[in-house]
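Reading through the structure tokens given below for one structure.
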Amino acid sequence: MSLIRAAATVGSFTMISRVTGFVRDVLIAALLGAGPVADAFFVAFKLPNFFRRLTAEGSFTVAFVPLFAGTLEADGVAAAKRFASDVLAMMCAVLLALTLAMELTMPWMMHVMAPGFVATPDRFALAVDLTRITFPYLPLISLVALYGGILNSIDRFAAMASAPILLNLILIGAMVGFADRLETPGHVLAWGVAAAGLAQLIWLIAAARRDGWTLTLRLPKATPGVRKLFRLMLPAMLGAGVVQINLLIDMVLASTLPLGSISFLYYADRVNQLPLGVIGVAISTALLPMLSRQWRVGDGEAALETQNRALEFGALLTVPAAIGLAVLATPIITVLFERGAFEAADTAATAAAMTAFAAGLPAFVLVKVLQPGFFAREDTKTPVKVAAAAVALNLVLNLILMQYLAHVGLALATAIASWMNALVLARLLHRDGAFHLDARSRKRLPRILLCALLMGGCLYGALQLAEQAVPGLFSAAAAGIGGLTVLILLALLLYFGAALLSGAMRFSELKTALRRRGAGAGTDC
């Protein structure tokens, strides 16, 4: 029950972040479209954002939280503060050196990030310029991950979950107030990214201080705890970030495809990130400290129960989301992005990629549910082996499918590789006795799938009727928003009605989980 409360805390703030993110992307689409400046900015944002997802949602968190939580529980607050301060000092030194190196070698790095840009020197030069501006976001947001890990370990989830909202608001403000003040709108956005990193760090430091967690900046020293953290981080970086690595590979290959391919994948992934962030990241964030405590005290039965409920909760929300995104791909992209420089042809290309990403959405979330089962036991080597195989499979499928499906093939390859990753992780956890489906999950999961398929079939029929009754419905601003809202509400009513009737979910359980009080998720902001 506390898992659902914690996930609801993270998920609610993540939902606000995704909504403001959509507003941000709507403005970007209208301002930049899917042209050369858009491609250059998305590459510039991708590099530091890639590392952000590996740190704030990946390798640093999964390595730091079990170690910090264990130190806090076993040795007390003073020891935990010393450990966190040691980590802060080492991170500052490493990140400063990395940032300086990247700034100096950015032209060479761009040959790796976007080799297809070499054929268009202006786009290549712009991408180098913008990436140099955005890259300081990486050290800033990595320090955000440190403070967020501290707060998450003491069940204070809201501050870290709400921090990305600052990024979106700052970028929205930059576009509204400064779009024509610099050389290109891409420069405005790049400076906005750097400013947002600083704002998020100040936000997390203030939140940590309110809870009494003020860290001391000292000279970096490789203490035993710091060495162990970095040993765990290195394999976890691939294990926790396989989806992001796959998306990075997609971008590199997409740079060799026709103009706009990077932008199509970006916009499609942004929509896909809504349920992934609200559901997958929320569950993973809440699950890791909980499992870490349960495994540390040797309560394996409680850990298995927690993981089963997390899987159920994730499937209950993710499976219908995937089917709904696939059915409504074109109307969603039309309503969100088709205006200004973003044209109907861009909508069709983006919707096709979004459908392919949606096929892998349940797998993306399943990985987020299963990986904490390894990380909570300080096993980062097993997920990295599975991740390496998934990355290899993704690359092979990319090279094959892009020949026939262009950018859609890249999205489909990512989805297939994610399914392989999730299924192998489940098998290995089961082998180790760290995961198995209990009777309740074996009963409810098939019912969830049937309810989602029923909803998808009805939604498809309703969409066809709506388009026949009102041609061009979704191209008109107000009518499109209204029509899409009605279809989504219809889908929600059908799905949750069927889930309640079939026993796939119990309203009383959710109500009890959200109302219970105790040592659940914090609500600090």
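The values are calculated or read from the model by the stated rules, or taken from the named source; none is laboratory data. The structure presented is a predicted model; accordingly, all values stated were derived computationally and were not measured. Positions of Cβ are generated from backbone atoms using ideal geometry, with glycine treated the same way; all protein chains shown enter the neighbour counts. The accessibility values were calculated without ligands, DNA or RNA, using every heavy atom of the protein model including side chains. Shrake-Rupley method; radii C 1.70, N 1.55, O 1.52, S 1.80 Å.
Can you tell me which residue within the range 21-59, out of those that are open to solvent by less than 10 Å² (accessible area, probe 1.4 Å), modelled with pLDDT under 80 and assigned to a helix (DSSP H, G or I), is nearest to residue 343 (Cα to Cα)?
Taking the candidates together, the pick is 47.
Look at residue 63 and say whether it is modelled with pLDDT of 75 or more, part of a helix (DSSP H, G or I), touching a helix residue (DSSP H, G or I) at 6+ places or on another chain (Cβ under 7 Å) and crowded, with 22+ Cβ neighbours inside 10 Å. It would help to see each step written out before you state the result.
Values: modelled with pLDDT of 75 or more: yes; part of a helix (DSSP H, G or I): yes; touching a helix residue (DSSP H, G or I) at 6+ places or on another chain (Cβ under 7 Å): yes; crowded, with 22+ Cβ neighbours inside 10 Å: yes.
Here the answer is yes, as residue 63 does meet what is asked.
From 358, 310, which residue is surrounded by 24 or more Cβ atoms within 10 Å (Cβ to Cβ), closer than 20 Å to residue 278 by Cα and modelled with pLDDT under 90? It would help to see each step written out before you state the result.
Details: 358 fails: modelled with pLDDT under 90.
Sole residue among the options that is surrounded by 24 or more Cβ atoms within 10 Å (Cβ to Cβ), closer than 20 Å to residue 278 by Cα and modelled with pLDDT under 90: 310.
Residues to consider are 284, 263, 292; find the one that is of a type in the set (Ser, Thr, Tyr) and over 21 Å from the mean Cα position of the chain (by Cα). Working first, answer last.
Working: 284 fails: over 21 Å from the mean Cα position of the chain (by Cα); 263 fails: over 21 Å from the mean Cα position of the chain (by Cα).
Result: 292 is the single residue among 284, 263, 292 that is of a type in the set (Ser, Thr, Tyr) and over 21 Å from the mean Cα position of the chain (by Cα).
Please pick out the residue among 473, 459 that is at pLDDT 90 or above and within 23 Å of residue 332 (Cα to Cα). Can you show your working first?
Numbers: 473 fails: at pLDDT 90 or above.
Result of the check over 473, 459: 459.
What are the pairs with Cβ atoms under 6 angstrom where one residue, in the range 98-125, is at pLDDT 85 or above and among the hydroxyl-bearing types (Ser, Thr, Tyr) and the other, located anywhere, is assigned to a helix (DSSP H, G or I) and surrounded by 14 or more Cβ atoms within 10 Å (Cβ to Cβ)? Sequence gap at least six, or different chains.
Cβ pairs passing all conditions: 99/139.
Within the range 111-125, which residues are surrounded by fewer than 24 Cβ atoms within 10 Å (Cβ to Cβ), part of a helix (DSSP H, G or I) and not small (Gly, Ala, Ser)?
The answer is 111, 112, 113, 115, 118, 121, 122, 123, 124.
Scan (1) of a type in the set (Gly, Ala, Ser); (2) open to solvent by 10 Å² or more (accessible area, probe 1.4 Å); (3) in a helix (DSSP H, G or I); (4) modelled with pLDDT under 85 for the single condition residue 321 breaks and write down its number.
(4)
Pick from the range 183-213 the residues that are closer than 18 Å to residue 145 by Cβ and free of Cβ contacts under 8 Å to residues at least 12 places away in the same chain: which of them is most open to solvent (accessible area, probe 1.4 Å)?
First pass over the range 183-213, keeping only residues closer than 18 Å to residue 145 by Cβ: 193-194, 196-209, 211, 213.
With free of Cβ contacts under 8 Å to residues at least 12 places away in the same chain added as a condition, the list becomes 202, 206, 209.
Values: 202: 103, 206: 43, 209: 148 Å².
Within the range 183-213, the match that is most open to solvent (accessible area, probe 1.4 Å) is 209.
Going residue by residue through the range 207-219, is there one that turns out to be at pLDDT 90 or above and touching a Cys at 6+ places or on another chain (Cβ under 9 Å)?
Yes - at least one qualifying residue is present in the range 207-219.
Taking residue 270 and the conditions (1) at pLDDT 85 or above; (2) closer than 24 Å to residue 50 by Cα; (3) surrounded by fewer than 24 Cβ atoms within 10 Å (Cβ to Cβ), which numbered condition does it fall short on, given that it satisfies the others?
(1)
Quick check on this structure: which one of 417, 392 is among the aliphatic types (A, V, I, L, M) and at pLDDT below 90?
Details: 417 fails: at pLDDT below 90.
From the options 417, 392, the qualifying one is 392.
Do we have residue 156 as under 20 Å from residue 63 (Cα atoms), of a type in the set (D, E, K, R) and free of Cβ contacts under 8 Å to residues at least 60 places away in the same chain here?
On the way: under 20 Å from residue 63 (Cα atoms): yes; of a type in the set (D, E, K, R): yes; free of Cβ contacts under 8 Å to residues at least 60 places away in the same chain: no.
Here the answer is no, as residue 156 does not meet what is asked.
Return a yes/no flag: does the range 375-382 have any residue that is farther than 20 Å from residue 268 by Cα, in a helix (DSSP H, G or I) and not basic (Lys, Arg). Outline the logic, then answer.
Quick first cut of the range 375-382, residues farther than 20 Å from residue 268 by Cα only: 375-382.
Those still in the list that are in a helix (DSSP H, G or I) too: 375, 381-382.
Checking the rest, the ones that are also not basic (Lys, Arg) come to 375, 382.
Yes, the conditions are met somewhere in the range 375-382.
Just wondering, is there one or more residues in the range 488-504 that are in a helix (DSSP H, G or I) and modelled with pLDDT under 85? Talk me through it step by step, then tell me what you get.
The first filter runs over the range 488-504 and keeps only residues in a helix (DSSP H, G or I), leaving 488-502.
Then keep just the ones that are modelled with pLDDT under 85; that gives none.
Taking every residue of the range 488-504 in turn, none turns out to be in a helix (DSSP H, G or I) and modelled with pLDDT under 85.
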